[in-house]
Every structure is written in structure tokens, then in C-alpha cells.
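The values are calculated or read from the model by the stated rules, or taken from the named source; none is laboratory data. Here the structure is a predicted model, which is why all the values come from computation and not from measurement. Cβ: placed from backbone, ideal geometry, glycine included. Neighbour counts: every protein chain shown. Heads up: the accessible areas ignore ligands, DNA and RNA and are worked out on the full protein's heavy atoms, side chains in. Shrake-Rupley method; radii C 1.70, N 1.55, O 1.52, S 1.80 Å.
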Amino acid sequence: MSDFSTVPANIKALDDEYVLGTYGRLPVEFVRASGAVLTDSEGNDYLDFLGGIGCASLGHCHPAVVTALKEQADKLWQVGNYFYVENRGEVANGLSTLLSRITDESGHDTGSAAVTWKTFFANSGAEANEGAIKLARRWGEVKLDGAFGVVSAKKSFHGRTLATLAATGQDRFHETFRPMPAGFASVDLNDIDALRSAVENPTPECGPVCAVMLECVQGEGGVWPAGYDYLRDVADLCREKNLMLIIDEVQTGFFRCGSPFSFQRAGIVPDIVTMAKGIADGFPMGAVAARTKVADLMRPGDHGSTFGGNALAVAAARATIDTLRAEDMGEHVIAVGKHLRHRLQAMPHVTEVRGRGLMRGAQLDVPIACQLVDEGLAEGLVLNHIGDSILRFLPPLVITREQIDEGMDKLEALIRKLA
């Protein structure tokens, strides 16, 4: 690891002694930000290609979100879900509109499917996925003679609660936390025959299947996309078997891949969609939306969240969603995402570039991804790696072509130095 560090000694000491050590932290303390630029405690600037792990949809400290939070903070923060909350219905309506958009395979908007969606507001992606699993199991209880199994994809990632870990198709996340909850199975992504077999011949650990749960682009697994034809085949299979199709858009939603939601590129309409990260420009929030045929099966007391959809969260979400639409963010992401892909493809030791829009993974033929992240800090770059040979890029959606060029010039120089 590079000896580069800007963390004050007292800050590091406090963190090391009193904060649970579940992360290997990089040696920087960020204290300010704007757009796609982060500033550390010593005044150094960095181009951000991680975006708060894909959360900064409008970029850091966007004026619309800052204003909404300041105004709401002066009025009301939290009353709970026993009462109506300003902006909550408006955000749910906006989500229903976004979820109903139709796009072509490139992500360009072409119309509306005119589907009504109902939303439950949570605090994170894991909670959203927990809610989706409960919705699917209610469907199984009522419509499928008590079926409860959920089939996901290998290399997937759906969260760190025990149930969402069980749905995650990566054994490394299960180690030391066994036994995993029953009712889950995973098969290879883009293999419709394997999925059909898992649905029709479920294992005893999985049990009778009520739902299929997929990411359109697997982020934590290495930025692996699901094929459009595969997604259409999955949707057909779910209709044939009367199963719930759950699409996890926690990382891919809110124009991250160009379209409002990534499933829209395949021309499908899922039954349940989960969201978080970019929904409120980094303010902690999650949501699970369902079509009315399943949403209306839930009754008061079936699910809940003390903080979910509180006044601050929905104020931030409304400002974020309204601004994303007003600024035509999808077209910007399609254009600059293509430029990022081209720059990465031209780099030495990059053998493949995966993903869509501004969610990209660069496969390296040398195991230097960890070093690139460490050395990148000294060059003013915030990068992210998955393992030792994949770089993942999730920059703020407002990043410019010029900022991409500046960052990629620095990255290419580092690759040539370290490879």
C-alpha cells in the first residue's frame, strides 16, 4: 500500500478504537464536496469515480437537494408512519411514473407503459430487498399454495442482512454466518435452462418457488450484465409459472445505466422493484415498489419501518427525482458513459469493459487493481476495485466528459507504471 495519507492522527485513532472494524478504510478524510469533486481535510481535491458507492446521482451537494434538506430541517424531521408526511405521496407518484417509462435497448426514452406502482419506503437497499422477499412470499402464500422459495443468480449481491445474504449468490459472503435462512437458491446468470430447472425442480433447501430475484447488472459481483434476451426469457418464465419477478435496482436505478431503471432496456415489466443509493442523492433511503396485484395483498401491520420515508428523506428524494428528470440526466449518462467505456477500452492491460451507462467494470490482465486504488489517491483519484483484477466505476452522474478525460489520463499513467 502507498504511504500516502491525509487522515489526522487523532481521527484515525478514534476510528480504530471505537468503530467496528468491518471496513478496511483508505487513508483519507473527506470534509467537503461538489459535483464530482471531493476535498480532504488538508484541502486536496480528488475526482470521484465511486460516487459514495453509486449514491451521488446528482453529484455531491447538489443545490436542489441542499435547499430541500435545509428547508425541511427547519420544519420537521420525524413523526413516524402513523401519520401523513409532506412529499411522501408525491415521491411515490414520481416513482410510479419513472418505473412506468419505456426505453429502447440503448436507454433512450420512448414512452410509458402506464403501470401503477405502490411504494414502501425504507432506509437502505438491504431493507428494500427484505421487503421484496416478504411481498413475494405473501404472493406465494395467497396465489401459489404457500410457495416461499426465491431463486437468484450466482455472483449477485442483495444486501448484508441474513435473508438478503442468503439471496446473494456468493459463498464468500456466507462464510462464518451460517446457517443461512432456508428458502433460497442461486443459478448461473444468463442461463435460462438452469433457472427453469431451479424453478421446476427446487432443492429441499429452497423449497417451492414463488419468485425470481435478479440484478440487471451485478455490481458487487464484478459488473456482469444480464443479457436482454435472457431478461425477456426470465419474464416469460415468471408469467408462465405465475411467479413474482423481482428486479434489484439498488445500484442500477435512477439513470445510473442511462434509462430510469435498467430493466427498461430489456422491455420488460417486473412485479417488484427495489431501490436505494441514488434515490435521494446519497441521503439514506431505500424503497420497494410493487405492481398493484401484489401490493394490494399487504395489509396494515404486515411490514413497517420507524424511519422509512421520514420528512427529511422524502424531501431529499423529491428534489433528486425532480432534478434528474428536469436535467434530462439519462441522455447525459448515455453520452458520457459511452465515452468512459471508450477510454477504458483503449487502456493497456484492460481486456474487457462491462456494464452500462456510468456503471462500468474494467477487467485487467494483471492483478494490480488494489494498488491502483491505493496509488490513485496520491494522484487525486477515488477509485474502487472488486478483487485484484477488476476496477469498478460509479461516478456521480453529473461528471463531465472533461473530468472523465482527466481521470482516465491519470489512470492510464498509473497502469503503465504498475503493470
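The convex hull drawn around the Cα atoms of the chain, when projected onto a plane and averaged over every direction, covers 20.3 nm².
Rolling a 1.4 angstrom probe over the chain with all protein chains present gives an accessible area of which 52% lies on carbon and sulfur atoms. Using the Cβ of Asp296 as centre and a radius below 15 Å, the other residues enclosed give a net charge of +4, where K and R count +1 and D and E count -1. Here Gln78 and Asp109 are evaluated by their C-beta separation; at R0 = 41 Å the FRET efficiency comes out at 0.70. Estimated purely from DSSP H runs of n ≥ 4, each contributing -39500 (n - 2.57), the mean residue ellipticity at 222 nm for the chain is -11000 deg cm²/dmol once divided by its residues. Restricting the range 180-257 to GluC sites (Glu not before Pro) that sit in a DSSP loop and have at most 14 other Cβ atoms within 10 Å of their own Cβ leaves Glu205. Here is the list for the range 76-163: GluC sites (Glu not before Pro) lying in DSSP coil, each with at most 14 other C-beta atoms within 10 angstrom of its C-beta, are Glu86, Glu105.
Taking every protein chain into account, the 1.4 Å probe leaves Ile321 with about 10 Å² of accessible area, to the nearest ten. Across the chain, the mean sequence separation of Cα contacts (distance under 8 Å, 6 or more residues apart), normalised by length, yields a relative contact order of 23 percent. Please work out the Cα center distance from the range 229-285 to the range 319-333, rounded to the nearest Å. Each part reduced to its Cα centre gives a spacing of 18 Å.
Each Lys or Arg adds one and each Asp or Glu takes one away; over the other residues whose Cβ falls under 14 Å from the Cβ of Asp229, this sums to -3. Entry comment: accessible area of the chain is 43 Å² per residue, from protein heavy atoms only and a probe of 1.4 Å. Please tell me which of these pairs span more than 25 angstrom C-alpha to C-alpha: Lys154/Lys241; Lys155/Lys293; Lys134/Lys241; Lys277/Lys417; Lys154/Lys277? From Lys154/Lys241; Lys155/Lys293; Lys134/Lys241; Lys277/Lys417; Lys154/Lys277, over 25 Å: Lys155/Lys293; Lys277/Lys417. Sparse packing (at most 16 other Cβ atoms within 10 Å of the Cβ) combined with a DSSP loop state is found for the following trypsin sites (Lys or Arg not before Pro) in the range 6-53: Arg25. Rolling a 1.4 Å probe over the protein chains gives His60 an accessible area of about 40 Å². Magnitude of the charge dipole for the range 232-324, about its Cα centre and with charges confined to Cβ atoms of Lys, Arg (+1) and Asp, Glu (-1), is about 60 debye. Other residues whose C-beta falls under 12 angstrom from the C-beta of Val150 contribute a net charge of -1, scoring Lys and Arg +1 and Asp and Glu -1.
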